[in-house]
Structure formats: C-alpha cells, structure tokens
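See structure below.
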Amino acid sequence: GSLIEQLTTEKYECMVCCEVVRIVAPVWSCQNCYHVFHLNCIKKWARSPASQAEDGNSGWRCPACQNASVQVPKTYTCFCGKVHNPEWNRNEIPHSCGELCGKRRQCLDCPHLCNILCHPGPCPSCPAFVTKTCECGQTSHSVRCGQSTKIHCSNVCGNTLNCGKHSCTQVCHAGKCSPCQLTVQQVCYCGSNFKEVLCGSKEEFSDGFGSFSCQNICGKKLNCGRHNCKQVCHPQPCQLCPRLPQVVYRCPCGQTPLSKLLELGCVERKICTDPIPSCGKTCGKPLSCGSYEFIHTCESLCHEGDCRPCSHTSNIYCRCGFKKKVSNFGGLCSFFLIAAITFMCDKRCNKKRSCGRHKCNEVCCVDTEHKCSLVCGRKLNCGLHRCEEPCHRGSCQTCWQTSFDELTCYCGESVIYPPVPCGTQPPECKKTCTRPHDCDHPVYHSCHSEEKCPPCTYLTQKWCMGKHELYSTDTEQLSTDKFVNSRFRLLHVGDCSLCVTCCPKSSQSVFLHVEAKSAPLYTFSEVYVLPQMKSTTLFFRIAAISIATKLTDLQLGDSVEISRLITKKEMKQARLQCDEECLALQRNRRLAEALEIDDNSDPFNIRSSGPKYSDLLKEDARKDIKFVSDIEKEMRMLVEAVNKGKHTKKSHCYPPMNRDHRRIIHELAQVYGIESVSYDNEPKRNVVITAVKGKSVCPSNTLTSVLDKEMQSRPAPPLPHYKQTDKSSGNSGLSKPLKEEPVIDYFDVQD
C-alpha cells in the first residue's frame, strides 16, 4: 500500500540517482526487496564495478538488499512480468498492466496463485481454506492456506520407533520420533560375558553366535572334543583342532615331512593326542629377542610347544638411540628385550621448543615437535595483564579483557562508552585542566590524564638579591634557580651591597678559555665573554639559569654570558696565561688604536690571506670528507646568493644530525662569517645557518682544498728494507724482509 501511494503521487525516489520516479518513466522492481528503480539507472549500476558481487561469479548486487542477480534487466515490464512497456492509465496503478497478478506466493505449500490485480511489493497471503492433518496424522483441521503453524492434537503418537519393535509414547509432536530408550541384554560370541545396550542401536546386532567380542580367549571345545579353542573371542565357528592327523603334515620344527619320518620307522598318528614325531634337527625358529642386526633362533632340537629362553647376548638401545646396553648374562636376552621399553639414557635434548625461546631439556627425548608446555607470561599490549597462552612464537594476541564502565577524562567532559578494551587510554579533552595546583595562577594547559601537571608558565616578578630591581620570570625558572645555586655553589657570605644595575662596568672584556680540566663534567672547550665589574661582592643572579639550560649547546659552539656571576678578583684568579696568538692579537689591537684603524677594516689584506682551520676540524674532516665537501658547497651557495640578491639575510636549515657533525658546521660557519644556531632537542636537534650581506664571505681556500694540498705535500711512505745475502752461503737473491714493518701513513687511506 505504501509503494502504491508513493508511486501514484510521484513521491518515490530511485536509490541510484536519488530522483523522483515519474509515473511514465520505465522502471525495474527487485523481486527480493521489491524496491523500484529507474530502468536506465539499474542498467548503469549493474555494469559498474561497484555492483559486482564479492566472489566475482554471482553477478551484480541490488543497491538496496545486496541480493545477487545474474541477468541484467533489459526491458520495461509490469510488476507481474506479463506485459512489456505497459501504458499508463490514471485508473490503474502506475507501471502495472491492470490484469490479475497470477504469481506464485512465497508460501511453499500454497498451490494457489495471487488473485489481485498487478501490484508492486509482495503478494498477500492466500485467503483460501484447506484441510490439514496433525503431526501424528490421526486428526484433521480446516486452516488458512499457507499457514505456517503446525497442528498438534492431544493423542499419543503411536508410530513405530527405529528398533521396529516398540511404538512412540510421546504426545503428537513435530519431526521424527526419538530413538527407542529401552535396553536389551547381549551376550558375547564365546558366551562368557554379557552387557546391556539400547534397543535398536547398531550394537544390538547379532549374527546368531553372539553380539560382541569380549577380547578374551574363546575356550570352547574344538571338534576333536579334547582341546579348547585358543583364539580370541570370535564370531565365526571355531577352527579345526590343529593337532588332528589329517591337519599335521610336518614335524614340529617344520623342516621334515611326516611321510619321510614314517618311512624311517616312526609310528603313524591316529588321534590328535598322539605325539608328533621329531626329526632330530635343530629347531631354528626365530625368537622374539635379538635386533635388526642379528636375529636370534632356537638352538634346541626339534620339539613341540614353546621354545626355551635365548642364551645369546643382545645390544639394546635407549629410546632415543643415543646409548646402548649389552646383555652379558646367558638366558637373560629376553629380559633385556622387555627392559628396553623402559631403558632411557641421561642425555638431555638441546633442541629448541616450538616457541623458539626455551630448550626442550627432556631426558632421552623422542619427541619430534618439541611443543612448549610453559605459559607465555609476556605482558600484553595493555601493559596490565600477561599472556596466559602456552609459550608461542611471534606477538601475543591483544588483551581479551574488556571493561563495561565508561572511560572519561579527569574532568569528565570526554567519554568513551563501553565496551572499552583493556589498555585504552583516556580520551583527549580540550577543556582547561581542573586538577588542584600548587600555585593560584591562571591555568593555560588542557585537561590531561597524567597525575602531575606541567610546570606553571605564568610570569611573575622577583626581586634581585639587593632588592633594587624586579625581574619577570616563571615558576619553573625560580625552581631552576634554586637548583643552580646548589649545583654550582653560588651562595655567598654576607649581604648583597649593590645590584648589577648599580655596579659600573668597564669597557674592556676578558676572554676566559675553559678547558676540559676545569670543567670535569664536560669534555669540551668554550670561550666566555666576561665584562669586568668593579664590585668585589659575590652575588648570584638569575642569569645562572642560562648556564644550566645551555650546557648542551656549549659543546656545539654557543656562548653564555656569566659576567654577572663572578667578580673582578675572581676573574683574575681564573684567567689563563696568554699564548703567542693572544700576544699577537693584543699587539695588533694597540697598533690599530694608535693608527685609528677600524676593527672591521683589513688594510693589509691579512684576513684575505686565507682562513685558518683548527687541527681538530681537519682531523674530523678527514674522517668524513664527503660530508664536509657538501657543507662547504651549501655555505658557498648561500653566501653568493645573499651577496648577489636583494635580501640582507638568507638562511638554510640542515636536517637533524649527530653532535660531531653539528660541531663541524659551527666551526665552518665562523670561517665563512655565517651565523649558526642549534634548535630542538636530541635526537632531532639540527642547525640553522644564516648568511648576512656584507659580513659573510667565501674564503679563498676551502677546507677540502687545504686537505688535498697537505696530502699531496706529504712524502710517500718508505719501502720495506731487505737484507743482501752472501752468495757463498748458498742462498742467492734477496732474503726475507727484516722484522720491522714498513711505515704507513693512515691519513692517505681514502674514505
């Protein structure tokens, strides 16, 4: 009814194109879900790759119900399929032929066809009434055709059960009757044992001699009437007596026919109890002992009955075959054969178990798979529980435990609803943190799952030790200040007299060179620029914080000003002795002041004579000459670009690298007059270089060219010395080289 109304009022939409289905448009209806589509739309959909079934062989899928169809619709038919290209009539249902539907209904047991006019959707249930019998077939009732409910009466079923002897005692029921539950007694083939089984089961079968084998010796009298059957309980009749004269044709060992023994005078046997004549030869029957290498045989003369115990010795191997035992006592060969089942050596298996982690370590191991019986015990991905599976290879499975409680952030704004897999982290929350804080400053960080909040970043004001000046700092710096004071022993005796801002400074600067000996915690050298102060009182300043935070940067060439931390007297005590280079710099400085020459000028072309590379830089460059060559090439291109371009500065960012490579870049940047700064923390710490127009210059000689000249000027290594021998001694030519080895210059070896 809903389909008819929507199609008539043109409110039904095609699922493919999402357009209204007009009453005059050709359509196609799915026979499984009864959705209506435009015929052209369903043709395009059936030919598209997205419509193909997953297995690729079942055709195309309906866009609505995903039911697979093999044939692609080609013609426009009515809903019942009898009329092609039906014409629209305002008095009939759109896209119908106006005739009786006549399609078979969905009910499998309904023989009647649909009796309403051609229509969309499924056919209604059959209105006819039919007579049906109950499940047991004893009563009948008049019901609606196609009714799926079963009819049951109150009578006993009474049908014959599977055994064929008894009847069903249940009330009228659906399906087959249950198997017979009565028990019957059965006897074995030999008649010595009994058991009870269900009536009608396969175990109830009997062949006339019995129903089952008790696996005991039969024991029935044979046809001779003197001997008993020695076979296991069997269904067929017992065999003939094996000692009857008409059955026995040879002597007990089987080597000589009885006919020859009769010719030699032996007495002919009449009944089964008469003895079987012996041929007098060695028995020679194979015994149960021995091994694959040597088979033991009976050494007694031809005899009746079982053979005597073996008198030979045997090699008995353990179950893994690593060790063997030898029976040295006569008559005990068969004993050692039985003992071989329990004989085990003391060798432990060294093979890996199936888990690949533990050794088998089993004594006298015969296992081929070596399965590990230990529990895995490794932590699962949740980090809370451990794997309880047997020890295995590869990664453990995900934690199977699940919480059915809501998982929220600390403030409760963000929620993950159950079920929540074990190990799931709390959801992220963009709200401001609501945890209690040590200070009363405004909070700027978001809600977090960690118990400890990040340090407060609110700027506060702090007085200098002399109460002269206020400085802005954050809480983290104040706590670091206390650490630096205790770390570097910057506390002083007495009160502060003057603030740094009150202390006059001189215009001179002192260069303090700190070597590894003076800084035992770090193995680097650095130059600190210390303006002199006239104050003789030691006081610490917040500037000491920068030392603690930049100790890592000092190794890469950065400098930190610590002039506010020490006095002029302490500077004199810590000052190192000047070397020849320092004296030359001081002499040049005095001459420049006397001649009124600017420090940045180069009238004598001293600086352009060539850069000076340190020995440490040269040594590092020899280890990685390609890296140094690439760095210098990049610096030269940067300097040329900034000097020729319009911009006053140009920068280049190097990728993250190790500390030694960063130090090479810092030292080369000084030669090129380029600024270099290190950023980020390890292991992503990198260097950014900046070339300044007019300040950055390319040196005349690059580091790689200097290294090439040094290698070419270095003399070749001497050849090994040989000792001339005396011809009279019988040895001619050159003798073996002397014990000393030739001198090799290892710097000549290319990378």
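Hey, among the residues in the stretch 209-239 that are polar (S, T, N, Q), in a loop (DSSP other than H, G, I, E, B) and open to solvent by 50 Å² or more (accessible area, probe 1.4 Å), which one's nearest to Thr273 (Cα to Cα)?
In the first step, residues of the stretch 209-239 are kept if they are polar (S, T, N, Q); the result is 211, 213, 215-216, 223, 228, 231, 236, 239.
Filter once more, keeping what is in a loop (DSSP other than H, G, I, E, B): 211, 213, 215-216, 223, 231, 236, 239.
Going one step further and asking which of them are open to solvent by 50 Å² or more (accessible area, probe 1.4 Å), we end up with 215-216, 223, 231, 236, 239.
On the way: Gln215: 28, Asn216: 25, Asn223: 13, Gln231: 19, Gln236: 25, Gln239: 17 Å.
The qualifying residue nearest to Thr273 (Cα to Cα) is Asn223.
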Only one residue in Lys195, Lys202 is farther than 15 Å from Gln236 by Cα and at pLDDT below 80, so which one is that?
Lys202
Of the residues in the stretch 646-665, those that are closer than 21 Å to Tyr613 by Cβ and in contact (Cβ under 8 Å) with a residue 40 or more places away in the chain number 5
With the first residue restricted to the stretch 298-324 and required to be within 18 Å of Thr256 (Cβ to Cβ), and the second required to be modelled with pLDDT of 80 or more and charged (D, E, K, R), Cβ contacts under 8 Å at 6 or more apart or on different chains are Cys298/Lys285; Cys298/Arg308; Ser300/Arg308; Leu301/Lys281; Cys302/Lys281; Cys307/Lys285
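In this structure, is Trp28 at pLDDT 90 or above and either more than 30 Å from Arg144 (Cβ to Cβ) or open to solvent by less than 60 Å² (accessible area, probe 1.4 Å) (or both)? So that I can check it myself, show each step before the final result.
On the way: at pLDDT 90 or above: yes; either more than 30 Å from Arg144 (Cβ to Cβ) or open to solvent by less than 60 Å² (accessible area, probe 1.4 Å) (or both): yes.
Taking the combined requirement at face value, the residue satisfies it.
So, Gln6, is that one at pLDDT 90 or above and open to solvent by 60 Å² or more (accessible area, probe 1.4 Å) or not?
On the way: at pLDDT 90 or above: yes; open to solvent by 60 Å² or more (accessible area, probe 1.4 Å): yes.
Yes; evaluated as a whole, the condition is true for this residue.
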Going through the stretch 244-273 one residue at a time, which ones are within 15 Å of Gly305 (Cα to Cα) and surrounded by 13 or more Cβ atoms within 10 Å (Cβ to Cβ)?
Val248, Arg250, Cys251, Pro252, Cys253, Gly254, Cys272
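Among the residues in the stretch 636-643, are any open to solvent by 60 Å² or more (accessible area, probe 1.4 Å) and outside any helix (DSSP H, G or I)?
To start, the set of residues in the stretch 636-643 that are open to solvent by 60 Å² or more (accessible area, probe 1.4 Å) comprises 636-637, 640, 643.
Narrowing the set further to residues that are outside any helix (DSSP H, G or I) leaves none.
No - not one qualifying residue is present in the stretch 636-643.
Within the stretch 92-117, track down each residue that is surrounded by 15 or more Cβ atoms within 10 Å (Cβ to Cβ) and hydrophobic (A, V, I, L, M, F, W, C).
Quick first cut of the stretch 92-117, residues surrounded by 15 or more Cβ atoms within 10 Å (Cβ to Cβ) only: 92-97, 101, 103, 105, 107, 110, 114, 117.
Those that are surrounded by 15 or more Cβ atoms within 10 Å (Cβ to Cβ) and hydrophobic (A, V, I, L, M, F, W, C): Ile93, Cys97, Cys101, Cys107, Cys110, Cys114, Leu117.
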On the given criteria, is Gln66 under 42 Å from the mean Cα position of the chain (by Cα), open to solvent by 60 Å² or more (accessible area, probe 1.4 Å) and free of Cβ contacts under 8 Å to residues at least 12 places away in the same chain?
yes
Which of (1) modelled with pLDDT of 85 or more; (2) touching a helix residue (DSSP H, G or I) at 6+ places or on another chain (Cβ under 9 Å); (3) small (Gly, Ala, Ser) does Ser211 not meet, given it meets every other one?
(1)
Filter the stretch 161-188 for residues that are touching a residue at least 12 places away in the same chain (Cβ under 8 Å) and more than 60 Å from the chain's Cα centre (by Cα) and give the result.
Gly164, Lys165, His166, Thr169, Val187
Exception for Ile674 within (1) under 14 Å from Glu640 (Cβ atoms); (2) touching an Asp or Glu at 6+ places or on another chain (Cβ under 6 Å); (3) at pLDDT 90 or above falls at (2)
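The values are calculated or read from the model by the stated rules, or taken from the named source; none is laboratory data. In this text the structure is predicted, and so the values were computed from the model without any measurement. Note that each Cβ is placed from the backbone with ideal geometry, even for glycine, and that neighbours are counted across all protein chains shown. Note: areas computed on protein heavy atoms with side chains; ligands, DNA, RNA excluded. Shrake-Rupley method; radii C 1.70, N 1.55, O 1.52, S 1.80 Å.
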